[in-house]
């Protein structure tokens, strides 16, 4: 029995041992297999990556810098062909070869800038795909048809640019020239579409139109035709002309400052004038385009409108006023210096009108720069009864800003008219009547703009926006359309009393051209930040929320530092492009100069040529007229 | 020659005196904050330099006296003044540096966003209450009992207004409610000061959260009464409204 009992016990132990072994094996297998199961689960449903980051620098900062540089370069390469083409047309029609040379010189800069722009566009695309894969997948899903259109446009634009540039000399006469001008026209048409297609992507993020049904093309079309697309298109095309004009002015300014011969000074002084003129030409309608854009944003979404115009971004518009003010002052200063230095003997004649225009500009600027909520200490705020000044607080709203911006446009236009008329004497019998009409139109227009501005405080906002502001713009346009042809008619029969002398501007004229360009670049970086930040914590406003660690608006001081960095980097890039593009010319010029040394070849850079800044008579003696 | 330099100096001083002492005593005016005076004076000085440097002659006339003074060519009493400037300039820089870095018990400058953006759910709302004389009168009645103690006769001068810094809004001022849509006022009245977003910091407002005491319909009626009483119209995008 005992043996039986032992057997049973042993058998039981054997079974228990085998069970334990099985359990152990199962546990071991389970232990070994557990991670596999877990990994298998992960492999079955991998979490999509929404964001990636870059240590130390931060993904947002890098995208900010690259996107801004790409946009600035794009603005330049889309703005320059417009006036290069216009210069070519003027040169072709008038037979003045200077314009053709100018157009060619800028088209040469265009070829290298175009490649750099495309390079930055490529870098931006890679960064966006890498840092914001979820957002890019969403945008690709909506806009894929327009991506294809964009690629096609790039191909035809590149081919046209090559033909336009490399065919310049081959197509310089007869029908060849006509075809070349047609190519320039095509270049601008393609460039315009290259600008508006990506504008639709950016404006969609701010004012999205999403339709759930329809074909890919229908969805893309609906998203493209969003409320802020056309206002941005118009604003950007004008701003690109301004940027192109002022950068060319700055290029001419630097070349003028470093010019060593009278010929060079003559050429770059004239080029600086053309660049400044084109910049001003674009600057005049720009405030109106900006106003329309802001109106559309506000109407699209009250939250976005208030964030920009009354909320934390409203301080950007005070900075904007300062920058635009410097730009207006700088452009007018250049015109006034042109009158003083290029037209000998005119200084005394125009000093009083210049002073009057300067005072009006400064008064307008003072109003434009006055914020609605003032920066005040607690004590100052208590004395004012809040941060609104009871008397000057009225300057802080749009009615006042629109009025002064219109007046500044009028004054700048009159600066140009004055420059145009300087050194000429009217001979037409009806000149007196025409001048009285022009004077009356100008005074009445100025008064009408002011009256509408004041009246704007006493009518509903919609009346002010829809009728008064547009009437103010209409009045200014009317003045331009009346005075320009009248002046042109008067000058047709006018007698030239003093010939315009090119190449006699003092060094500060060159510096003012550079300053204007820097102001425009700063303005574009500032408004780029404003447009992007107005979406606050949304990638696509109201549709796709920003859930990254950067879903906050950077402080204004931080943003200002990045804007300054972007401006600096862009200036360096442009300087590099210009240096590379003109390297060959310099080598040629140096080789030819070796054969004919010219005494007194001193660049005017940093005021090196004091002779340029002496009294006019003195200078004429020293250098002789060109 | 010296007149080219003296005139802008006199002009700048005159404008400073005008802004500092004349503007505050004008009717319905108040002292200007130093930030604004500084801004205007910078414009005056920039304009003076621009005008003076238009021609070579005027530029020399403007800068030569400064150069002569700084290089000691002027002679006489001006030489002593030059040493005085030499001594005072570093002291001025030091004083400015001390003033901007030393700790102080004075509160920092105001940089408040008075009109922060409203939350998404309040944008695009339109007043659902019919604009009838009865509703406007009813709204004015509610205004008289709840808002007038601070906002007064729509002019921000209620009997309790003196107790607040900043004072209650003046609705008759064309730069206040006339610039805003009705939905904005609805949000501000309903949620009051405590409903302001972070963007509106520092929350310097004593506006009560009226949703605790008034229905939405009553708030809309108050808004109609406010606009009517102040003689203003709300911002709209439709001319028929």
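For the reader, a short list of remarks on this structure follows.
- When the criteria are applied in full, residue A:326 meets the requirement of being within 27 Å of residue A:508 (Cβ to Cβ) and within 14 Å of chain B (Cβ to nearest Cβ).
- Take the conditions (1) more than 18 Å from residue A:354 (Cα to Cα); (2) in a helix (DSSP H, G or I); residue A:438 misses just one of them, which is (1).
- Selected residue (criterion: surrounded by the most Cβ atoms within 10 Å (Cβ to Cβ)) from residues of region B:45-58 that are closer than 14 Å to residue A:512 by Cβ and more than 7 Å from chain A (Cβ to nearest Cβ): B:46
- Failed item, numbered, when residue A:124 is tested on (1) crowded, with 16+ Cβ neighbours inside 10 Å; (2) more than 30 Å from residue A:97 (Cβ to Cβ); (3) free of Cβ contacts under 8 Å to residues at least 24 places away in the same chain: (3)
- Count of residues meeting criterion [outside any loop (DSSP other than H, G, I, E, B) and under 18 Å from residue B:121 (Cα atoms)] in region B:195-217: 8
- Residue within region A:312-332 that is farther than 29 Å from residue A:240 by Cβ and either touching a strand residue (DSSP E or B) at 6+ places or on another chain (Cβ under 6 Å) or free of Cβ contacts under 8 Å to residues at least 60 places away in the same chain (or both) present: no
- Those residues of region B:8-35 which are at the interface with chain A (Cβ under 7 Å from one of its Cβ atoms) and either in contact (Cβ under 8 Å) with a residue 12 or more places away in the chain or more than 23 Å from the chain's Cα centre (by Cα) (or both), in sequence order: B:32, B:35
To keep it simple, each residue is scored yes or no on (1) modelled with pLDDT of 55 or more; (2) under 30 Å from residue B:121 (Cα atoms).
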| position | (1), (2) |
| --- | --- |
| A:525 | yes, no |
| A:533 | yes, yes |
| A:536 | yes, yes |
| A:540 | yes, yes |
| A:547 | yes, yes |
| A:550 | yes, yes |
| A:566 | yes, no |
| A:575 | yes, no |
| A:614 | no, no |
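- Residues of region A:466-492 that turn out to be touching a helix residue (DSSP H, G or I) at 6+ places or on another chain (Cβ under 6 Å) and within 14 Å of chain B (Cβ to nearest Cβ), as a count: 2
- Against the conditions (1) within 9 Å of chain B (Cβ to nearest Cβ); (2) closer than 28 Å to residue A:527 by Cβ; (3) modelled with pLDDT under 90, residue A:358 satisfies every one except (3).
- Of the residues making up region A:283-323, those that are farther than 26 Å from residue B:176 by Cα and either surrounded by 23 or more Cβ atoms within 10 Å (Cβ to Cβ) or facing chain B (nearest Cβ under 10 Å) (or both) number 1.
- Region B:59-75, residues that are at pLDDT 85 or above and either within 14 Å of chain A (Cβ to nearest Cβ) or over 38 Å from the mean Cα position of the chain (by Cα) (or both): B:59, B:60, B:61, B:62, B:63, B:64, B:65, B:67, B:68, B:69, B:70, B:71
- Remark: pairs (first residue in region B:222-237, away from chain A (no Cβ under 14 Å); second residue part of a loop (DSSP other than H, G, I, E, B); Cβ separation under 7 Å; 6+ apart in sequence or on different chains) = B:222/B:147; B:223/B:127; B:224/B:127; B:224/B:129; B:224/B:131; B:226/B:154; B:226/B:171; B:229/B:154.
- Within region A:373-397, the set of residues being under 27 Å from the mean Cα position of the chain (by Cα), facing chain B (nearest Cβ under 8 Å) and either part of a helix (DSSP H, G or I) or free of Cβ contacts under 8 Å to residues at least 12 places away in the same chain (or both) comprises A:396 only.
- Considering residues of region A:361-372 that are at the interface with another protein chain (Cβ under 8 Å from one of its Cβ atoms) and surrounded by fewer than 22 Cβ atoms within 10 Å (Cβ to Cβ) only, the residue nearest to residue B:174 (Cα to Cα): A:366
The values are calculated or read from the model by the stated rules, or taken from the named source; none is laboratory data. Keep in mind that what you see is a predicted model, and the values were worked out from it rather than measured. Glycine also receives a Cβ, built like all others from the backbone with ideal geometry; neighbour counts cover every protein chain displayed.
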